[in-house]
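Where a number appears in this text, it was derived from the coordinates with a stated rule and is not lab data. Small disclaimer: the values here were computed from a predicted structure and weren't measured. Because the Cβ atoms are built from the backbone with ideal geometry, glycine has one as well, and the counts that use them run over all protein chains shown.
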Amino acid sequence: MKEIINTLNEYKELEKDWDGYEGDAPSNEVVNSVIIFLDKLVEFPTPKTMLSGTGVVGLYWETHKYYIDIIFSKKDIFSYYVDNKESGAYFGDDNIKFENFINSKIINILKELKE
């Protein structure tokens, strides 16, 4: 997890046009939110990070069964998308507050990843 934290902290150093396409750098608030969120995931498999040109920071997992991403565009708010590759089912939710993470549908899917 330390490697991901280091990558996220590097995101704080990015400036406008970091991607050569006038991409927005993520705000420190958003990056810090992701780091705090990761503290809640210590019992789950380590995700990979992603960054968009709109300043959105994300985490994702990809297994033989699932593609899961969680994105952060605002402080302490996340959205997620889950694609079950085996069944073709998919779902997601937007604008979830951190305090509702434990009650979100994604928590059960993340628990499956560690089995």
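Quick check: residue separation of TYR60 and ASN95 times 0.36 nm, minus the Cα distance between them. What number comes out in nm?
This chain segment gains 10.9 nm when fully extended.
Under 1.5 on a/c is rounded, so check that first for segment 9-72, then, if it is not, pick prolate when a/b is larger than b/c and oblate when it is not; a ≥ b ≥ c are the square roots of the alpha carbon gyration tensor eigenvalues.
oblate
Please report, for the Cα atoms of segment 47-115, the Rg to one decimal and the Dmax as a whole number; what are they, in angstrom?
12.0, 34
Using 1/(1 + (r/R0)^6) with R0 = 35 angstrom and r between the beta carbons of LEU14 and LEU113, what's the FRET efficiency to the nearest 0.05?
0.75
Could you grab the relative contact order for segment 2-113? Cα pairs under 8 Å, six or more apart, rounded to a whole percent.
Reported as a whole number, the value is 17 percent.
With 19 Å as the limit, write out which pairs from LYS12/LYS111; LYS16/LYS40; LYS65/LYS105; LYS40/LYS114; LYS85/LYS105 have Cα-Cα distances beyond it, or answer none.
Beyond 19 Å between Cα atoms: LYS12/LYS111; LYS16/LYS40.
Which ordering of ILE102, ILE77 is given by a fewest-first count of other beta-carbon atoms within 10 Å?
ILE102, ILE77
In which sequence would VAL57, VAL82 go, from the one with the fewest C-beta neighbours within 10 Å to the one with the most?
Placing the least packed residue first, the sequence is VAL82, VAL57.
Just going by the charge dipole of segment 2-113, with Lys and Arg at +1 and Asp and Glu at -1 on Cβ, which of LEU59, PRO45, ILE70 is farthest out on the positive end?
It is PRO45, whose Cα lies furthest towards the positive end.
Return the aspartates and glutamates within reach of LYS74: Cα separation strictly under 14 angstrom, same-chain partners fewer than 8 residues apart disregarded; answer none if there are no such residues.
ASP24, GLU29, ASP94
Compute the FRET efficiency between THR46 and GLU86 as 1/(1 + (r/R0)^6), taking r as their Cβ-Cβ distance and R0 = 30 Å, and round to the nearest 0.05.
0.85
Using the alpha carbons of the chain, what is the convex hull volume per residue in cubic angstrom, as a whole number?
106
Where is the GNM fluctuation largest for the chain (alpha-carbon springs, 10 angstrom cutoff): TYR60, TYR80, TYR90?
Checking each option, the largest mean-square fluctuation is seen for TYR90.
For VAL42, VAL31, VAL56, what's the fewest-to-most ordering of other Cβ within 10 Å of each Cβ?
Ranked by crowding around the Cβ, least crowded first: VAL42, VAL56, VAL31.
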